[in-house]
Amino acid sequence: MTFRPAEIWVERGVEESRVARETRSRCSGAPVRSFADGELPPPASFAEAKTALVLRRHRGGFLQHCPAGTAGMVCCNYLVVNFASNCPYDCSYCFLQDYLADNPRLTAFTNVEDGLDEIAGVLDMHPHKQFRIGTGELADSLALDPVTGLSRLLVPFFAARDNAVLELKTKSACVADLLDLEPRGRVVVSWSLNPDSVAAEEYGTASIAERLSAASRVLAAGYKVAFHLDPIVEHEGWQEAYDRLLDDVFEAVDVAAIAWFSLGALRMTPGLQRAVRARALPARHALGAELVPGADGKMRVWRGLRVRMYRHLVERIRAAAPRAPLYLCMETPGVWQKAMREVPTDRELGIRIAAGARW
Amino acid sequence: MLDLDAYAAERRLRDATVARVRALGADGCAAVLEVAAPLGMNDNHLRDMLDLVEDIAARRCTDVSAVLRDATVAGALRGEGGRSDRIRALKACLRRLRYPQLSAALDRIAARRQEMGLPAGVALDLPENLEGDEVTVTVRAASPAQLRSRVASLARALDGDGIDAIFAIWQEAEG
């Protein structure tokens, strides 16, 4: 479903920014309101915070190390850049329900040029290093694209760089703005996927068939694609459900065009569990899985079952796409060893994944 | 039958807990009271129970009343002992329903540990909820001779394949 804001709040002083002009032009029917810093009324609920779009300047740095690189976990040296905050979709398990609980308004930042300057500075400072940078940490990379047209800024910027790959990670089918751009092997469009029964609790997102159809379209337009089975949700019949999902992926997409796969078991903080319970959204899969607390305070499916799930999926993926880099997200060296039969260093893993983006 | 307001007043339940029970609807609310009232559950007991029961209902695609009227739960409620014992038994029963595969793995591990015939004074502990990388072996001894004897017995117990089976169940959910 393509997001259309019920109203647009524009911070005073950014009305003429490129993002604000583009958004007003693309959403001509939506009422536009103006606000000054500190004047924005809080939303009535987390769900309501997703209905209107706030356009404002981002204060502070844009580029960060991916928070998944927690101590004690194998890290893939990924960087995240936040051009938006929150997401119009409403996945039952989404960590933003807790992480953004105090500041949930769906926001697109208008000073994108500042963010790109910051990225350019880092890339220029390390010309021999390969970077992977994603916009899908605090937001879906493409869900707001029909409204802001952000990809029209990002893709040409990264296409002109030799030492970075941009990953646009999404659960949408909003790829229209990408199709006439030239990625030059520097942009990977990736989809988070789950079996239909789990995806049914990813409210507002494109169906899995729509996501795979969008993947075919961007492939035809010259992009590489990637897939994240993350979060993998343990439920009765998980094995058959994920097998069917992978069959659908390999039927829809040429495996040579897959830049990478990642696997990540569902993880929830106690705070997120409370937030999920407190909401009225059906969250059968988020609450029903056999999650237990781990050393980092997050709940995951207990280790033995997690390893069994990973092994099964690794085997299936490697059989069908033996050359596609494959990694686990936010997992310990012990689980890597059992599931992947190796524990790469952060640097090795980062280089290996970045290589997957090359044609 | 006791109504929710009366029970809430009697046990001084928090408003949020009462609202949570009420949100279960008439049947769910009645089922909760059928379990909670005879056990005199306080607010903490009730919240713990609701967390487990709601998650079980989510996992089984059913509702809270169906979980609480499950034969296994009824069996746990009929158990012997005082109020605390029965609350503990109920919680253990719900936990088994909440974590069916983990519970089965723990049962298999316990059986294998039993078969290993570990000597007295030796404990083999796995991480809580099987989440972790290392086992802990504790050997208690009151003299050098006893320590040598127990370590030797432990070594003999580890010669069998019991410990391999335990690792396979724990780390790879196999066996």
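The values are calculated or read from the model by the stated rules, or taken from the named source; none is laboratory data. Fair warning: this is a prediction, and the values are worked out from it, not measured in the lab. In this analysis, Cβ positions are derived from the backbone assuming ideal geometry, glycine residues included, and neighbour counts consider all displayed protein chains. The accessibility values were calculated without ligands, DNA or RNA, using every heavy atom of the protein model including side chains. Shrake-Rupley method; radii C 1.70, N 1.55, O 1.52, S 1.80 Å.
Some notes on this structure:
- Amide H contacts for residue A:35 (H built 1.01 Å from N in the peptide plane; partners 5 or more residues away or on another chain; cut-off under 5 Å): A:10, A:11, A:12.
- Cα coordinate range in the stretch A:5-149, projected on the principal axes (Å, largest first): 47, 34, 27
- Between residue B:78 and residue A:220, the modelled label-to-label distance comes to 6.5 nm, taking each label 7 Å out from Cα in the direction of the beta carbon.
- Cα long-axis angle, helix B:83-98 against chain B (0 to 90 degrees, to the nearest 10): 80 degrees
- Rg/Rh, computed from the Cα trace of the stretch A:59-356 with Rh as the Kirkwood radius, has the value 0.93.
- For the pair residue B:164 and residue B:123, label points projected 7 Å from Cα toward Cβ lie 2.9 nm apart.
- Residues residue A:355 and residue B:149, FRET efficiency given R0 of 56 Å [Cβ-Cβ distance, rounded to 0.05]: 0.45
- Point-to-point label distance, residue A:184-residue B:3, nm (Cα→Cβ direction, 7 Å offset): 7.3 nm
- Ligands, DNA and RNA left out, the 1.4 Å accessible surface of the stretch A:59-356 is 52% carbon and sulfur atoms.
- Divide the volume of the convex hull around the Cα atoms of the stretch B:4-98 by the residue count and you get 82 Å³ per residue.
- At R0 = 56 Å, FRET efficiency that the Cβ-Cβ distance of residue A:312 and residue A:15 yields, to 0.05: 0.60
- Accessible carbon and sulfur surface of the stretch B:4-98 relative to its total accessible area, %, 1.4 Å: 49 percent
- Amide hydrogen proximity for residue A:191: with H placed 1.01 Å from N in the peptide plane, the residues at 5 or more positions away or on another chain lying under 5 Å are A:170, A:226, A:227, A:228.
- Peptide-level mean, for A:278-289, of C-beta atoms on other protein chains within 10 Å: 3
- Ratio Rg/Rh, restricted to the stretch A:111-185 and using Cα atoms, in which Rh is the Kirkwood radius: 0.95
- In plain terms, the chain from residue A:101 to residue A:47 could stretch by 18.4 nm, reckoned as 0.36 nm per residue minus the Cα-Cα distance.
- For chain B, adding -39500 (n - 2.57) for each run of n ≥ 4 DSSP H residues and dividing by the number of residues yields -21500 deg cm²/dmol at 222 nm.
- Geometric descriptor of the stretch A:63-182, per residue, is 122 Å³ (volume of the convex hull of the Cα atoms).
- Interchain or long-range residues, amide H under 5 Å from residue A:292's placed H: A:300, A:301, A:302
- Label point 7 Å beyond Cα of residue A:122 along Cβ direction - residues of the stretch A:53-81 with amide nitrogen under 18 Å: A:58-71, A:75-81
- Translational diffusion of the stretch A:1-70, µm² s⁻¹ [Kirkwood Rh, Cα pairs; Stokes-Einstein; 25 °C; 0.890 mPa s]: 177 µm²/s
- Taken over chain B, the alpha-carbon convex hull comes to 158 cubic angstrom per residue.
- 3J(HN,Hα) along the stretch A:110-117: 8, 8, 4, 4, 4, x, 5, 4 Hz, from the Karplus curve 6.51 cos²θ - 1.76 cosθ + 1.60 with θ = phi - 60°, whole Hz, x for Gly and Pro.
- Gyration tensor over the Cα atoms of the stretch B:101-174: the corresponding equivalent ellipsoid has semi-axes (square roots of 5 times the eigenvalues, largest first) of 25, 12, 9 Å.
- Converting the Cα gyration tensor eigenvalues of the protein assembly as shown into ellipsoid dimensions via √(5λ) gives semi-axes, longest first, of 45, 33, 20 Å.
- The simple Förster model, with R0 at 51 Å and r as the Cβ-Cβ distance, assigns residue A:2 and residue B:138 a FRET efficiency of 0.25.
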